[in-house]
1. Taking the stretch 402-416 only, how many residues are more than 12 Å from residue 337 (Cβ to Cβ), in contact with a helix residue (DSSP H, G or I) (Cβ under 8 Å, 6 or more places away or on another chain) and assigned to a loop (DSSP other than H, G, I, E, B)?
2. Scan 155, 178, 131 and give me the residue that is without any contact (Cβ under 8 Å) to a residue 60 or more places away in the chain, over 19 Å from residue 414 (Cα atoms) and out of contact with any helix residue (DSSP H, G or I) (no Cβ under 6 Å at 6 or more places or on another chain).
3. Return yes when residue 314 is closer than 19 Å to residue 431 by Cα and either surrounded by fewer than 20 Cβ atoms within 10 Å (Cβ to Cβ) or free of Cβ contacts under 8 Å to residues at least 24 places away in the same chain (or both) and no when it is not.
4. Which of the residues that make up the stretch 323-345 are under 14 Å from the mean Cα position of the chain (by Cα) and not in a loop (DSSP other than H, G, I, E, B)?
5. With respect to the numbered conditions (1) in contact (Cβ under 8 Å) with a residue 24 or more places away in the chain; (2) farther than 21 Å from residue 238 by Cα; (3) more than 24 Å from the chain's Cα centre (by Cα), which one is the sole condition not fulfilled by residue 209?
6. Given the conditions (1) over 30 Å from residue 210 (Cα atoms); (2) modelled with pLDDT under 90, which single one is not true for residue 362?
7. Would you check which residues across the stretch 346-372 are surrounded by fewer than 18 Cβ atoms within 10 Å (Cβ to Cβ) and assigned to a strand (DSSP E or B) and list them?
8. Might you check whether a residue that is over 17 Å from the mean Cα position of the chain (by Cα) and within 29 Å of residue 124 (Cα to Cα) occurs anywhere in the stretch 213-225?
């Protein structure tokens, strides 16, 4: 009888196991995601009985949440109408461009709806002290609104001074709205400083909240990775800098200080950044778009400078393939030089092929990555690409001055991509990100000079030396490569 029960139990487990595997495999196949991603998930589902299926159900699909999707549908028409108004406004002073630049502008406008807009003044800031001093000064001069959207806010140092500036602004009657990610800013949201902000009248909201119940309904690792500030609808900031003082941030990781860059924007593109914040605020709060619009500070912004800028938001909710497509177009447009800085380099097969192809076209391709990163798995997965890249003639610079967190791409002195997007699958498919596509020689020259300074503080990798690493090292890298599509 006992043997019979064991046989029946084993049979039922066996049937359940294969029913789950077959059902989820069909689901993965029908999603038609990139081949590498699909194969990686199939490997997880098949290799770990039941647990692999649970992992897939929790983080295998971009489940954004029913409430979020309903709010998005409710504001879709208003948002689209506003974008069309921007397109009409931009067409009156269409940036003069041809060839690859025109194609990229058209591609970006088609997939995300934002046109390239002339008349912007851009100020590149590549040291954290200047960034924070400028933000604090602008907040202290704010008259109507201060809008902040960040992945990480951490207590300490200059980040606290930004909070004090917001409290002063709220005391003056300025409407201050702050949206920070639930995971990235977890400790900050529980801090006394966060409570002081709330008590002062600053509207502090958790973006993409998590919880045990929500885990059953949404994918918890879909995060708001954006860094956006909009002040009075006239001034904006974006880039890679979180609201953290690098002198205090993750000092126990052994990777050195985080190195970031931001851009201060004045001109018509501020309206696009402001509208993106408003959309994020509405989707996370459901505050009522009409009420929000009346105090948003978003309006037609006068021209301030010569730069043509195209704002490109990205994320899993709408057209998740957009930023991936645009980066491919950017890389394939290179004819002479392509320089990339990114802290996390785990490209998929198509981006990897595009980089190899650029080098084979005699484009001078340089990729700058930190010599140490705060994720061992990402470090090994990243290094699994180096042999093929070096063999193709790509130069790889290992930055020694800390964890290089700046995300930038320059192409032939004609195109610059600058913002929060890393060259890994998480940024490209799972996180809400913000990028500026800039078509201005002056600004691009500044970014290229910044990249050159990073390269000067780097060790250029040599193919022959790289191939001397041990077989154990190679095995670890190649094993990490297999999970690269899931990173």
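1. Going through the stretch 402-416 one residue at a time, the tally reaches 1.
2. Selected residue: 178, the only one of 155, 178, 131 that is without any contact (Cβ under 8 Å) to a residue 60 or more places away in the chain, over 19 Å from residue 414 (Cα atoms) and out of contact with any helix residue (DSSP H, G or I) (no Cβ under 6 Å at 6 or more places or on another chain).
3. Here the answer is no, as residue 314 does not meet what is asked.
4. 323, 324, 326, 327, 341, 345 - these are the residues of the stretch 323-345 that are under 14 Å from the mean Cα position of the chain (by Cα) and not in a loop (DSSP other than H, G, I, E, B).
5. Tallying (1) in contact (Cβ under 8 Å) with a residue 24 or more places away in the chain; (2) farther than 21 Å from residue 238 by Cα; (3) more than 24 Å from the chain's Cα centre (by Cα), residue 209 fails exactly one: (3).
6. The failed condition is (2).
7. Scanning the stretch 346-372 gives a single hit, 364.
8. No, every residue in the stretch 213-225 fails to be over 17 Å from the mean Cα position of the chain (by Cα) and within 29 Å of residue 124 (Cα to Cα).
The values are calculated or read from the model by the stated rules, or taken from the named source; none is laboratory data. None of these values were measured; they are calculated from a predicted model. Here Cβ is always computed from backbone atoms with ideal geometry, including for glycine, and neighbour counts include all displayed protein chains.
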